[in-house]
Amino acid sequence: MKHLFPLAFLMLFVFSGTINAQETWDLQKCINYALENNIQIQQQSINTDYYGNELKQAKKNLLPSVSGGLSNSFNFGRTLQYDNTYANYNSNQTNGNLSANVTLWNGFTLQNSIDKANLDLKASLADLQKAKDDIMLFIAASYLEILFAEELVQVAEDQMEVTKLQIERTRKLVDAGSLAKGSLLEIEAQLAGEELNLVNQQNSLQLAYLNLYQLLELPSTEQFKIAEPVLPVVKANGTLLNSMQVFRNAVNIRPEVKSAEYRLGSSKEQVAIAKGSLYPSVSFGADYYNSYNNKYEDLVGDKISFNDQLKNNERYGVGVNMRIPIFSKGQVRTQIKNAELQVLNQELELQSTKNVLRKEIEQAYTNALAALKKYMASNKAVESMQEAFRYTEEKFNVGMVNSVEYNQSKNNLAKAKSDLAQAKYDYIFRTKILDFYNGEIIEL
């Protein structure tokens, strides 16, 4: 155990030296990096591009469709001639055609498809924003976790400093014969335990950094040190926004609610699309046809030229086509019923999303109140423990209490400081969550 003290400070020296040489990132830089490099956000962005393409295609479906064809055939034996008689010879014939068709009306299916695709795109964009919001909250929580771990390291270091000073005082008292040597050995054993605690806290700090690196999709070899922000002051008379007030604001702005609303609208458009199949569809079409045969001859036996054949063989036409659905084996009615069921499901999904949001806000509000109460109690406990430790230390220096009582008092002070730090960062994070639900940007 006596080797832990130099080992702990060697690790601290190496770790601190490495950190000092690294770049410093503040919370906003961490968030910006995550938004640009997080895989889940990139996947959701790709999904949004997909729905964007679907909307473009739905709009393009209003345009006419144009197609053409070209064929070439080799004929052997009896072949139809230009004068509509048959003769035995080999020929080569080329046919070409061009057609166009545009839908004039089909029960508003095309327009409803555009509206549905537009709502699907908006839902996807809301999902993308939700993914960004989630990663911002995760980054903020991980950032505060590092700050908390650093504060615990500082508490452990301060505790060791007090113990080292007390060892010096005790050694002098032992040398002077005022205290037994056992008192010095007990405090030295306490220092060894505090060295181990410091190592554990440093490990926790490194794990907190590792957690942040992994959230950023950043290799642990590319390390940085977070910037020390100016944290808000926790006040006893601080007021929190009521949870229902936050919920009323959040339900109008949160992307997960918007996404559920857009998907509900999309399901209603699907019902309209399905009903469109009950109505007749009207389309306008035009087509052109021509052909050429290398063996065609006129009545006097002269070969008919390419240009003359194109002039004589061409034909074209325009027309209006109406398709009237009569019986489709009940498929359209089934599609309509299934689409209506999907609307009911999406209505429940929207309500469930709102309920989850309300529960999250209520939980964050309750946790923030609990953290505030714990902070106030811990703050008083620290003040009391500091005064109790000062009094115990004075008594220990004159031999009125033994080392066990002294170490117990010091441990109580260290625990109170740890509880205070935990309550402080927990309260800050919970209030940041409430602010975030209320539409405010996460800042430290």
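Structural remarks
- Some residue of the range 396-415 being under 30 Å from Ser267 (Cα atoms) and of a type outside the set (S, T, N, Q): no
- Condition met for Tyr296 (in contact (Cβ under 8 Å) with a residue 12 or more places away in the chain and open to solvent by less than 30 Å² (accessible area, probe 1.4 Å)): yes
- Test: Glu145 is at pLDDT 85 or above, closer than 30 Å to Tyr427 by Cβ, among the charged types (D, E, K, R) and crowded, with 16+ Cβ neighbours inside 10 Å: yes
- Residue check, Gln44 more than 30 Å from Ser305 (Cβ to Cβ) and modelled with pLDDT of 90 or more: yes
- Given (1) over 30 Å from Tyr279 (Cβ atoms); (2) part of a helix (DSSP H, G or I), index of the condition Gln346 fails: (1)
- Residues that are in contact with a helix residue (DSSP H, G or I) (Cβ under 8 Å, 6 or more places away or on another chain) and open to solvent by 40 Å² or more (accessible area, probe 1.4 Å) within the range 430-444 comprise Arg430, Lys432, Gly439, Glu443, Leu444, listed in sequence order.
- Scan of the range 315-355 for residues that are within 30 Å of Leu98 (Cβ to Cβ) and of a type outside the set (D, E, K, R), ordered by number: Tyr316, Gly317, Val318, Gly319, Val320, Asn321, Met322, Ile324, Pro325
- Per-region count, the range 22-70, residues farther than 25 Å from Lys116 by Cβ, β-branched (Val, Ile, Thr) and either in contact with a Ser or Thr (Cβ under 9 Å, 6 or more places away or on another chain) or surrounded by 14 or more Cβ atoms within 10 Å (Cβ to Cβ) (or both): 3
- Residue among Gln40, Gln57 that alone is under 19 Å from Ser124 (Cα atoms), assigned to a helix (DSSP H, G or I), touching a helix residue (DSSP H, G or I) at 6+ places or on another chain (Cβ under 7 Å) and not basic (Lys, Arg): Gln40
- Residues that are of a type in the set (Ser, Thr, Tyr) and modelled with pLDDT of 85 or more within the range 292-330 comprise Tyr292, Ser305, Tyr316, listed in sequence order.
- Residue count for the range 242-283, restricted to those that are over 22 Å from Glu347 (Cα atoms) and open to solvent by less than 60 Å² (accessible area, probe 1.4 Å): 8
- Selection from the range 110-135 of residues that are of a type in the set (Ser, Thr, Tyr) and open to solvent by 30 Å² or more (accessible area, probe 1.4 Å): Ser113
- The set of residues from the range 363-401 being in contact (Cβ under 8 Å) with a residue 24 or more places away in the chain, surrounded by fewer than 16 Cβ atoms within 10 Å (Cβ to Cβ) and within 17 Å of Glu186 (Cα to Cα) comprises just one member, Gly399.
- Taken over the range 340-351, the criterion of being under 20 Å from the mean Cα position of the chain (by Cα) and either open to solvent by 50 Å² or more (accessible area, probe 1.4 Å) or β-branched (Val, Ile, Thr) (or both) is satisfied by Glu349 alone.
- You will find that of Ala123, Ala131, Ala149, the residue that is within 15 Å of the chain's Cα centre (by Cα), over 30 Å from Lys275 (Cβ atoms) and part of a helix (DSSP H, G or I) is Ala131 and no other.
- Any hit, the range 311-332, residues being closer than 29 Å to Val271 by Cβ, within 44 Å of the chain's Cα centre (by Cα) and without any contact (Cβ under 8 Å) to a residue 40 or more places away in the chain: yes
- Remark: pairs (first residue in the range 173-202, part of a loop (DSSP other than H, G, I, E, B); second residue crowded, with 16+ Cβ neighbours inside 10 Å; Cβ separation under 6 Å; 6+ apart in sequence or on different chains) = Leu179/Leu173.
- Tally, over the range 103-118, of residues that are in a helix (DSSP H, G or I) and farther than 15 Å from Asn53 by Cβ: 5
- Matching option when the condition is open to solvent by less than 50 Å² (accessible area, probe 1.4 Å), in a strand (DSSP E or B), modelled with pLDDT under 90 and more than 30 Å from Lys130 (Cα to Cα), among Ala87, Ala100: Ala87
The values are calculated or read from the model by the stated rules, or taken from the named source; none is laboratory data. Computed from a prediction, not measured in an experiment: that's the story for all the values here. Note: ideal-geometry Cβ built from the backbone for every residue, glycine included; neighbour counts use all protein chains shown. Just so you know, the surface numbers come from the protein's heavy atoms only, side chains and all, with ligands and any DNA or RNA stripped out. Shrake-Rupley method; radii C 1.70, N 1.55, O 1.52, S 1.80 Å.
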